[in-house]
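Below you'll find the structure, written out as structure tokens, and then a few comments.
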Amino acid sequence: MESNHEEISKKKHNKLLIELNDYINITDQGYKNFITFLRNTYLPPGALSRVENEPCKLFQLMEQKGLLRVGDYKVLEEALGASGNNEASALVRRLGSEVIQHVTGQGLTTIATEETAQESVESSTKRVKPDRKDSIGEPEILYYDRENKEGFLLILNFTKGREGTEFDVTNLKKFFKDTLKFHVVDPRQDRANDFSLSELNGILEKTRSDLNDQAKKYYCFFCAILSHGNEKGIQCDDGHHKDVDEIRKTFTNDKMKNFVGKPRVFLIQACRGQATQQAHDMPDDWPADISNVTGKISHPTDADVFIAYATTPGNLAWRRSNVGSWFIHVTISVFEERYKSEHMEDMFISVKNEIAKDDKWKNADGRKMMPCTWSTLTQRLMF
């Protein structure tokens with residue numbers, strides 16, 4: 001008898017999805033609003049972009065993510081209602097109640113069946129949790145929550161002896177501000193000189209305070225450091241240095257309790273070793289007294305941090321006067337091409353591959369550069 005109930009329930013579930021598919025017009029604004037709600041609330045943009053114009057495949061994706069199943073239409077109703085598709089939501093509620101009657105084996109009213117569905121599959125009415133599993137029993141893929149939030153980008157641009165850095169700043173702003181609608185702070189743009197160590201510390205402290213005070217507004221923090229570097233760290237205008245790890249530690253969870261669980265990403269365009277300036281490609285370090293590595297992280301314990309270095313320890317980071325740094329140029333190019341379908345760490349594999357293997361990224365005497373990354377991210381970061 002139970003098997004018969006399950007069979008009938010499955011047939012009625014499929015009938016519901018077929019009728020909903022026939023009802024939906026993907027060119028209507030209501031459907032577009034429905035897709036936008038799912039993207040901002042429940043589904044990763046990359047996966048959603050591949051099925052958003054095919055409702056049947058969209059429903060299959062929702063089933064795979066545990067957001068839709070026989071007898072549980074809470075998320076579907078919520079998304080349809082929130083996007084103004086009231087008639088479609090009513091259709092789901094009406095046909096869904098018939099399904100749940102067979103799931104429970106009882107003749108329940110619409111209101112009662114809604115309560116039963118909520119109690120029996122309560123976890124699927126919320127965003128995916130770390131311990132959730134999808135419909136085939138595999139661990140759920142986790143993404144940082146971006147709902148109704150924007151990103152924050154701080155650009156720390158040191159210009160002295162760094163011809164071409166203006167291209168890096170332009171490219172960063174074009175992508176993060178114009179495309180992603182990040183809040184972008186560039187304290188260098190309104191001043192004549194680079195930052196002294198005390199000024200840099202002040203900028204970092206203020207940024208941390210702003211992020212912590214307005215944590216509900218932002219889903220992530222990016223810091224792009226464009227600088228000369230040596231063994232002591234980032235070179236400031238007054239000759240003092242700031243170690244990269246000290247910068248990272250400014251933004252740790254214990255100092256930003258309201259920002260816990262949100263990713264912090266550092267893009268470091270600076271030399272990390274000894275070399276001399278070559279041909280048309282300018283190394284990001286002072287012409288003399290160049291040594292060792294910028295910023296050591298000996299005991300990484302903080303969660304949700306990602307650091308991308310332009311080069312590996314002991315090597316130079318290259319820059320061209322007509323395009324800016326290799327690292328920032330390629331990073332933004334890859335991001336622009338792939339951000340809608342890939343998460344950030346996957347995109348950085350493409351960044352590393354292009355700089356390492358494409359012959360256009362070598363200097364006049366054939367020297368190459370190898371970016372590297374360090375991560376304690378606990379989820380995937382989509383833009």
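Looking at residue 241 and the list (1) of a type outside the set (A, V, I, L, M); (2) in contact with a Lys or Arg (Cβ under 6 Å, 6 or more places away or on another chain); (3) under 26 Å from residue 332 (Cα atoms), which single condition is not satisfied?
(3)
Restricting to the stretch 169-203, name every residue that is among the aromatic types (Phe, Trp, Tyr) and under 22 Å from residue 246 (Cβ atoms). I'd like the intermediate steps shown before the answer.
Taking the stretch 169-203 first, the residues among the aromatic types (Phe, Trp, Tyr) are 175-176, 182, 195.
Listed by number, the list holds a single entry, 195.
I need a count of the residues in the stretch 139-168 that are free of Cβ contacts under 8 Å to residues at least 60 places away in the same chain and either touching a strand residue (DSSP E or B) at 6+ places or on another chain (Cβ under 6 Å) or not in a loop (DSSP other than H, G, I, E, B) (or both).
Quick first cut of the stretch 139-168, residues free of Cβ contacts under 8 Å to residues at least 60 places away in the same chain only: 139, 159.
Among the residues that remain, those that are also either touching a strand residue (DSSP E or B) at 6+ places or on another chain (Cβ under 6 Å) or not in a loop (DSSP other than H, G, I, E, B) (or both) are: 139.
Within the stretch 139-168, residues that are free of Cβ contacts under 8 Å to residues at least 60 places away in the same chain and either touching a strand residue (DSSP E or B) at 6+ places or on another chain (Cβ under 6 Å) or not in a loop (DSSP other than H, G, I, E, B) (or both) number 1.
Applying the selection to the stretch 350-383, what residues are aliphatic (A, V, I, L, M) and surrounded by fewer than 16 Cβ atoms within 10 Å (Cβ to Cβ)?
We begin by selecting, within the stretch 350-383, every residue aliphatic (A, V, I, L, M); these are 351, 355-356, 364, 369-370, 377, 381-382.
Of everything in the stretch 350-383, those that are aliphatic (A, V, I, L, M) and surrounded by fewer than 16 Cβ atoms within 10 Å (Cβ to Cβ) turn out to be 356, 364, 370.
Are any of the residues in the stretch 35-48 in contact with a strand residue (DSSP E or B) (Cβ under 6 Å, 6 or more places away or on another chain) and assigned to a loop (DSSP other than H, G, I, E, B)? So that I can check it myself, show each step before the final result.
So in the stretch 35-48, the residues in contact with a strand residue (DSSP E or B) (Cβ under 6 Å, 6 or more places away or on another chain) come out as 44.
In the following step, the residues that additionally are assigned to a loop (DSSP other than H, G, I, E, B) were identified as 44.
Scanning the stretch 35-48, I find at least one residue that is in contact with a strand residue (DSSP E or B) (Cβ under 6 Å, 6 or more places away or on another chain) and assigned to a loop (DSSP other than H, G, I, E, B), so the answer is yes.
Inside the stretch 222-250, can you point out the residues that are farther than 24 Å from residue 164 by Cα and touching a helix residue (DSSP H, G or I) at 6+ places or on another chain (Cβ under 6 Å)?
Of everything in the stretch 222-250, just one residue is farther than 24 Å from residue 164 by Cα and touching a helix residue (DSSP H, G or I) at 6+ places or on another chain (Cβ under 6 Å), namely 250.
For residue 322, which of the numbered conditions (1) crowded, with 17+ Cβ neighbours inside 10 Å; (2) of a type outside the set (Ser, Thr, Tyr); (3) more than 18 Å from residue 176 (Cα to Cα) fails to hold?
Every listed condition holds for residue 322 apart from (1).
Pull up the stretch 26-75, narrow it to residues that are closer than 17 Å to residue 341 by Cα and polar (S, T, N, Q), then point me to the one that is farthest from the chain's Cα centre (by Cα).
Selected residue: 53.
Laboratory data are not the source of any read-out in this text; all were calculated from the coordinates shown. Note that the structure is a prediction, hence the values are computed from the model and not measured. Cβ: placed from backbone, ideal geometry, glycine included. Neighbour counts: every protein chain shown.
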